[in-house]
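Asker: I have a structure here, written as structure tokens, and I will follow up with some questions on it.
The values are calculated or read from the model by the stated rules, or taken from the named source; none is laboratory data. Note that the coordinates shown come from a computational prediction; the quantities given were computed from them, not determined experimentally. So basically every Cβ, Gly included, is an ideal-geometry build from the backbone, and we count neighbours across all protein chains shown.
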Amino acid sequence: MVGLGYASENICILNACIEVAQTVFLALYMKKHTKAALVILGFNVMANIMSIDKTEKGIIGRTTENGRPVIWKFINEIPNDAKRRKLPWLTVISWKYDGDSNNGMPSKDVNDQMIRLEETIEQRLEKKGFCEHANSRTGNNLKEFVYYIANREQFMARFNEALTEHPAYPIEINFYEDPEWKEFASLINDFGGAQNLKKGQKSKSKN
């Protein structure tokens, strides 16, 4: 995560010590998903990156950072006003890893751990209404799982409970107040001009 210049506090949970950063005004942390090289891909093209269920509206996009690919996964739809009002907190779970030998991508073992973490969050938190997945990104030595939640304390309690049988993950969780889901809307807008590709087509970067 980029330095945002706001107060933070440390919270120790059952699996890991997670730095929880809080701010009253949303910091535009996702400015790094630049439009330098945007490509929209079909879900099945990058199926090895992450397991995906919501295929009817799902998007996998690709950008570049420092010449390395970054893969984005998100649902190409902004929830209605009622749902957004219930989930005002943008929650970013960051996992830094060493992917220098793999063009910035995680190794298979690390990626398997990431999939297990994401699937647990989906089954134990998202399906029970404690969060809503916004997007995830993988590449350039950084994985981020991004959700919107209603209550930070409640989310952390459920998160700890869900991960009691998991190993300690090298993750950091940051919370940002974003009641209008502006960051998610910005992500969708940034990918709005990209071309849809069918399986088997070559991706093209836009400069």
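Asker: I'm trying to understand the selection: among the residues of the stretch 109-142, which are under 23 Å from LEU187 (Cα atoms), touching an Asp or Glu at 6+ places or on another chain (Cβ under 9 Å) and either in a helix (DSSP H, G or I) or among the basic types (Lys, Arg) (or both)?
Answerer: GLU122, GLU126, ARG137 - these are the residues of the stretch 109-142 that are under 23 Å from LEU187 (Cα atoms), touching an Asp or Glu at 6+ places or on another chain (Cβ under 9 Å) and either in a helix (DSSP H, G or I) or among the basic types (Lys, Arg) (or both).
Asker: Count, please, the residues in the stretch 47-68 that happen to be at pLDDT below 50, within 13 Å of MET105 (Cα to Cα) and more than 15 Å from the chain's Cα centre (by Cα).
Answerer: Total meeting the criteria: 1.
Yes/no matrix, rows are residues, columns are (1) closer than 24 Å to TRP181 by Cβ; (2) hydrophobic (A, V, I, L, M, F, W, C); (3) at pLDDT 95 or above:
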{"site": "VAL70", "(1), (2), (3)": "yes, yes, yes"}
{"site": "ILE75", "(1), (2), (3)": "yes, yes, no"}
{"site": "ASN103", "(1), (2), (3)": "no, no, yes"}
{"site": "LYS108", "(1), (2), (3)": "no, no, yes"}
{"site": "ILE115", "(1), (2), (3)": "no, yes, yes"}
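Asker: Further question: Looking only at the stretch 105-120, how many residues end up being of a type in the set (S, T, N, Q) and closer than 15 Å to TYR147 by Cβ?
Answerer: The total comes to 1.
Asker: All but one of (1) farther than 27 Å from LYS57 by Cα; (2) surrounded by fewer than 16 Cβ atoms within 10 Å (Cβ to Cβ) hold for ARG116; state the number of the condition that does not hold.
Answerer: Condition not satisfied by ARG116: (1).
Asker: Residue pairs, Cβ under 7 Å, 6 or more apart or interchain, first in the stretch 104-128 and under 14 Å from LYS143 (Cα atoms) and free of Cβ contacts under 8 Å to residues at least 40 places away in the same chain, second of a type outside the set (Gly, Ala, Ser) and assigned to a helix (DSSP H, G or I). List them.
Answerer: PRO106/MET114
Asker: Applying the selection to the stretch 116-140, what residues are among the β-branched types (Val, Ile, Thr) and farther than 26 Å from GLY67 by Cβ?
Answerer: THR120, ILE121
Asker: Let me ask another. Report the residue count in the stretch 143-184 for those that are assigned to a helix (DSSP H, G or I) and under 10 Å from the mean Cα position of the chain (by Cα).
Answerer: Summing the residues that are assigned to a helix (DSSP H, G or I) and under 10 Å from the mean Cα position of the chain (by Cα) in the stretch 143-184 gives 0.
Asker: Within the set of pairs 6+ apart or on separate chains, which have a first residue in the stretch 91-103 that is touching a residue at least 24 places away in the same chain (Cβ under 8 Å) and on the phi > 0 side of the Ramachandran plot, a second that is surrounded by 11 or more Cβ atoms within 10 Å (Cβ to Cβ) and in a strand (DSSP E or B), and C-beta atoms under 9 Å apart?
Answerer: From residues that are touching a residue at least 24 places away in the same chain (Cβ under 8 Å) and on the phi > 0 side of the Ramachandran plot, the pairs are ASN103/ARG68; ASN103/PRO69; ASN103/GLY139.
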